[in-house]
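Structure record follows, encoded as structure tokens.
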Amino acid sequence: MTGSEDVWIARLTPVTGGVAALLATPLGLDVWERGTDHLVVMATERQLAELERRRLAQVERLSTPDQYISRTQPDAAPGDVE
């Protein structure tokens with residue numbers, strides 16, 4: 001993934017073929033979470049648009065990677081010193 005492209009954390013819900021079919025696509029998706037009926041991936045806008053164009057998955061763009069990580073990591077307790 002290049003620095004000039006928009007990168008997203010996205011939930012992919014397969015249209016046909018299931019999760020295994022999405023994992024077999026040659027798009028080089030960075031899978032962060034695998035569910036029985038979806039994947040959460042980090043992907044470029046180009047990769048997501050290709051999935052949509054080919055009607056392989058419904059794409060829900062959740063956030064940028066930095067926003068996603070900041071929401072999922074617990075806040076440090078007040079007074080914690082590292």
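Values quoted throughout were computed directly from the atomic coordinates according to the rules given, and no laboratory measurement underlies them. Source: prediction; values computed, not measured. Neighbour counts are summed over all protein chains in view; Cβ atoms, including those assigned to glycine, are modelled from backbone coordinates with ideal geometry.
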Projecting the Cα atoms of Leu62, Thr16, Gln73 onto the charge dipole of the chain, where Lys and Arg contribute +1 and Asp and Glu -1 at Cβ, the residue farthest towards the positive end is Thr16
Taking the Cβ of Ala10 as the centre, find all other residues whose Cβ is under 13 Å away and add up their charges (Lys, Arg: +1; Asp, Glu: -1). -4
When the dipole is taken about the Cα centre of the chain, and only Lys, Arg (+1) and Asp, Glu (-1) are charged at their Cβ, what size is it in debye, to the nearest 20? 520 debye
